[in-house]
Amino acid sequence: MKSKSFDKLPIGLVIGLFMPVIGFICYGIFWALRFNKTFEYFAVDLFIGVPSFRSSILSLALLFNLLPFLIFIRTERYKSARGVLLSVFAYVPFVVYYYFS
């Protein structure tokens with residue numbers, strides 16, 4: 001059986017760690033456009049300034065990992081999919097911490 005390209009755990013881990021950052025930016029831009037505010041207002045005043053919103057915003061940003069995970073599963077790149085899943089488990093303690101603090 002021939003090995004598929006990009007089927008490595010570190011590749012999935014790196015993609016999984018960066019996708020929530022992209023998700024945060026996309027969600028922030030969408031929110032800023034929707035409520036006629038700036039992205040800076042979203043990041044500083046809403047995310048950092050209001051602790052009760054942090055876990056919700058991080059959870060929404062983690063949903064962006066679903067896209068590469070499903071792509072890796074459908075293309076049978078299971079090691080990369082494991083890396084994405086591992087990165088989600090790396091983010092979960094932060095979400096739980098912000099949820100209870």
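Filtering the range 60-81 down to residues that are within 12 Å of the chain's Cα centre (by Cα) and open to solvent by less than 50 Å² (accessible area, probe 1.4 Å), which residue is nearest to I25 (Cα to Cα)?
Only one residue tops the list, namely A61.
Looking at the range 46-59, can you tell me whether even one residue there is open to solvent by less than 80 Å² (accessible area, probe 1.4 Å), within 20 Å of A81 (Cα to Cα) and touching a residue at least 40 places away in the same chain (Cβ under 8 Å)?
no
Which of (1) over 13 Å from D7 (Cβ atoms); (2) of a type in the set (G, A, S); (3) touching a Gly at 6+ places or on another chain (Cβ under 9 Å) does S80 not meet, given it meets every other one?
With (1) over 13 Å from D7 (Cβ atoms); (2) of a type in the set (G, A, S); (3) touching a Gly at 6+ places or on another chain (Cβ under 9 Å) applied to S80, the lone miss is (1).
Assess whether V84 counts as being open to solvent by 50 Å² or more (accessible area, probe 1.4 Å) and assigned to a helix (DSSP H, G or I).
no
Can you tell me how many residues in the range 2-39 are within 16 Å of A61 (Cα to Cα), of a type in the set (G, A, S) and crowded, with 18+ Cβ neighbours inside 10 Å?
3
The values are calculated or read from the model by the stated rules, or taken from the named source; none is laboratory data. If you're wondering where the values come from, they're calculated on a predicted model, not measured in any experiment. Neighbour counts are summed over all protein chains in view; Cβ atoms, including those assigned to glycine, are modelled from backbone coordinates with ideal geometry. Ligands, DNA and RNA are stripped out before the accessible areas are found, and what is left, the full protein with its side chains, is counted by its heavy atoms. Shrake-Rupley method; radii C 1.70, N 1.55, O 1.52, S 1.80 Å.
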